[in-house]
Ligand SMILES: NC(=O)c1ccc[n+]([C@@H]2O[C@H](COP(=O)([O-])OP(=O)(O)OC[C@H]3O[C@@H](n4cnc5c(N)ncnc54)[C@H](OP(=O)(O)O)[C@@H]3O)[C@@H](O)[C@H]2O)c1
């Protein structure tokens, strides 16, 4: 981990102290965030955030402290000591760690803002989501979750602003996985599906183990976050998830995974042909019904969408999500755009962090 570039430097005069920031995770997203911060050095934006702690699973460091040996473990006490007791303090979670997600409510309760790309805080157990919400409501700290669903696309913001304006959300449905969007935008029913999976993996579009995408579990977490933001407090098992991974492929050991991938081919060829026969196109859809015939139902899986459906369209790994509400009862509001990737995710994390820094600088206690 090299964070020399973030040594506190002479900052432009901005009239208030910068927010003190701790970054957890230096992988794909964390590295993109560090690169973005580096590019801001010497600018007014860069002057608003001061990195005081950077950690991964192997240790932590104070940026710029060349003689400071890495401390073992990402202990929360060390992180809090480096953040200090006063002023605007922000933890950015760019890990996929349950133990870090377990700390979110604790930090909020101590007045430390939390900004996260990790879905485990709000998209996991309902008890953890409730603890985070309660800590937010009690304290003066805010929770930034723009990066968790749609990598910064204004999805959660739309849901919250519609409700703040008096609307009830009726339903939400959409393509929430960049990798599954890419696969079904490219799959033609002729070439084997497993070939497209290999291509997507080589391009870095899937998780290292593509079964993590194909199982639908990541999309389950995203749908839970959208549901809870829409006022529906679902437990994870209330979402029906159709995995695309046959049991035998799920059981394959990692070294044999590539040889086992063709197990995907026959079932998906059959699904594709069936959809085509009925004039539809296959898409991986997450669907939440709040006020319709199946009110309270939540489902993740493949659907054959008829031509002209609002969820068709979008390119490459675009996310595309439709929201029906009081003011959009028939023709939904559709949010579409790149919903995955390190660059947009890092940008979304920093958007939230800058917003909280600006709020605190304006001495506002309101969480936007
Ligand atoms: N990649 C994307 O495009 C994308 C998009 C949206 C959201 N996300 C979410 O963003 C998060 C990070 O994704 P990623 O792709 O950057 O993952 P990644 O490349 O696997 O990096 C994860 C980082 O977290 C660190 N880490 C693990 N446990 C930790 C702990 N207890 N304390 C401190 N650091 C810890 C890891 O440390 P080591 O380096 O020591 O292993 C690693 O640096 C995930 O929750 C993911 O779902 C990713």
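Readers should treat all values here as calculations from the given coordinates under stated rules, not as data from a laboratory. Since this is a predicted model, take the numbers as computed values, not measurements. Positions of Cβ are backbone-derived with ideal geometry, glycine not excepted, and every protein chain shown enters the neighbour counts.
The stretch between residue 238 and residue 140, if pulled fully straight at 0.36 nm per residue, gains 32.1 nm over its current Cα-Cα span. Computed from the alpha carbon positions, the gyration tensor of the range 159-202 leads to an equivalent ellipsoid with semi-axes of 36, 11, 5 Å, biggest first. Both radii are taken from the alpha-carbon atoms of the range 211-368; with Rh as the Kirkwood radius, Rg/Rh is 1.03. The alpha carbon radius of gyration of the chain, expressed as a multiple of 2.2 N^0.38 Å, is 1.04. Computed from Cα positions, the angle between helix 342-361 and the longest principal axis of the chain comes to roughly 40 degrees. Report, in degrees rounded to the nearest 10, the 0 to 90 angle that the Cα long axis of helix 126-138 makes with the longest principal axis of the chain. Taking the Cα atoms of the chain, the angle to 126-138 is about 40 degrees. Distance between the C-alpha centres of the range 26-45 and the range 339-356: 11 Å, rounded to the whole angstrom. Per residue, the convex hull spanned by the Cα atoms of the range 152-266 amounts to 122 cubic angstrom. When only alpha carbons are used to place a centre, the range 315-329 and the range 106-158 end up 22 Å from one another. In terms of other Cβ atoms within 10 Å, 330, 276, 36, 89 run from fewest to most in the order 330, 276, 36, 89. For the chain, take the longest principal axis of its alpha carbons; what is the angle in degrees between that and the long axis of helix 193-202, to the nearest 10 within 0 to 90? Tilt of helix 193-202: around 20 degrees.
Over the residues of the chain, the helix contribution to mean residue ellipticity at 222 nm works out to -10000 deg cm²/dmol, using -39500 (n - 2.57) for each DSSP H run of at least 4. Footprinting exposure proxy ranking of 26, 116, 43, fewest other C-beta atoms within 10 angstrom first, gives 43, 26, 116. Working from label points 7 Å from Cα in the Cα-to-Cβ sense, the residue 167 to residue 98 distance is 3.7 nm. Cβ crowding within 10 Å, taken as a proxy for footprinting-reagent exposure, orders 212, 259 from fewest neighbours to most as 259, 212.
How big is D, in µm² s⁻¹, for the range 277-368 by Stokes-Einstein at 4 °C and 1.567 mPa s if Rh is the Kirkwood radius over C-alpha pairs? Can you show the working numbers first?
Details: Rh = 16.4 Å.
Roughly 79 µm²/s, to the nearest whole number.
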